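Rule-based calculations on the coordinates, nothing more; no lab input. Note that the coordinates shown come from a computational prediction; the quantities given were computed from them, not determined experimentally. Note: ideal-geometry Cβ built from the backbone for every residue, glycine included; neighbour counts use all protein chains shown.
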Amino acid sequence: MSPIISPSEFKNLPTANLIILDARAGKDIYQNYLEKHIKGARFIDLDKDLAEIGEDAAFGGRHPLPDIEKFAETLSNLGISEDSHVVIYDDKNGANAAARAWWMLRSFGLKNVQVLDGGFQTAEINEVDFSSGKETFEKSDVIKKDSWLLPTSTLESVENELTNDSSTVIDVRDAYRYNGESEPIDLVAGHIPGAINIPFSENLDENGNFLKPDILKEKYSKLLENKPSNLIIHCGSGVTACHTILALEYAGFQMSNLYVGSWSEWSRREGKEIAREV
């Protein structure tokens, strides 16, 4: 199953086992969900359901993964079972939280998980059915899992891989943040020394849709030529990094490592070197 689904494909999906997740994030987003969402969509909260925010971002970053047993409860509350076909959308072309939800569901072991290409806005343009208010649905049985299945990297492993030149570390934040020109979210501007910058926005075309798999394949093959094939992807807090992991999966690359703590952890950890291009 392709990790990306177009609005036209989405409109023709059978409803049996289909679960739609609204992963929009930001201020007053639940109220926005209640006012308008894709018909049947169930709301999933970035900060409460897709992360376990700790007291100190220097250890785990701003959006650490939740305990897997807690996430299993979240899936049960959303009515998701192992045979569910889950389609996720947000309003930031997958970069808000849809890709993070996709990564977590896949890492939990679910196979039929897709992100709606273009998200909320493209769904409107393509006349997907919308609704308002709360959706009613039944819980599912809790799925038992012992650990996340997809590869992740810790701060220490990122440092070791860069020291040994055995992995390519990709920072997907905007270039001005990577360069250290300014930092709108975290405390310090700059980047991890040795990381390269490929902004996640470059995964998209001018309409905000994912580039076709063959174009992504060619693009990343050129950018990563003569570099270590093991990839570690990070961003500010481990959310938009999943957008590039999704794009690479769509293009046919092997599953990349997610550095969950990302820049929010590295930049706060005492003694860690910070690089700038300005």
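Relative to the longest principal axis of the C-alpha atoms of the chain, give the angle of the C-alpha long axis of helix 68-77, reported between 0 and 90° and rounded to the nearest 10°. Compared with the principal axis, the helix lies near 20 degrees. With respect to the chain, whose longest principal axis is taken over its alpha-carbon atoms, helix 241-251 is tilted by about 80°.
Measuring nothing but how far apart in sequence close Cα pairs (under 8 Å, 6+ apart) lie, relative to its length, the range 152-266 scores a relative contact order of 34 percent. A Förster distance of 41 Å, applied to the separation of the beta-carbon atoms of ASN164 and GLU127, puts the FRET efficiency at 0.20. Rounded to the nearest 0.05, the FRET efficiency derived from the C-beta distance between ALA175 and GLU35 at R0 = 25 Å is 0.10. Sorting TYR250, TYR259, TYR176 by the number of Cβ atoms found within 10 Å of their own Cβ, with the fewest placed first, yields TYR176, TYR250, TYR259. Near ARG62, the amide H atoms lying under 5 Å from its own belong to SER264, GLU265; only residues 5 or more places off or on other chains count, and H is placed 1.01 Å from N. Distances between placed amide hydrogens fall under 5 Å for ARG42 paired with ILE20, LEU21, ASP22, all partners being 5 or more residues away or on another chain. Taking amide H as placed 1.01 Å from N in the peptide plane, the amide H of SER153 sits under 5 Å from that of LEU258, TYR259, VAL260, each at least 5 places away or on another chain. Here each label is just a point 7 Å from Cα along the line to Cβ, and for LEU223 and GLU277 those points are 1.2 nm apart.
For the pair the range 44-86 and the range 169-186, the centres of their Cα atoms are 25 angstrom apart. For the range 191-199, putting each phi into the Karplus relation 6.51 cos²θ - 1.76 cosθ + 1.60 with θ = phi - 60° gives couplings of 8, 5, x, x, 6, 9, 10, 10, x Hz, in residue order, rounded to whole numbers and with x for Gly and Pro.
Here's the list of aspartates and glutamates a cross-link from LYS48 could span, going by alpha-carbon distance under 13 Å and ignoring same-chain residues fewer than 8 apart: ASP67, GLU73. Compared with the direct C-alpha span, the chain from LYS144 to ILE215 gains 21.7 nm at full extension, assuming 0.36 nm per residue.
Extension gain for the segment GLU73 to LYS134, taken as residue separation times 0.36 nm less the Cα-Cα distance, is 20.0 nm to one decimal.
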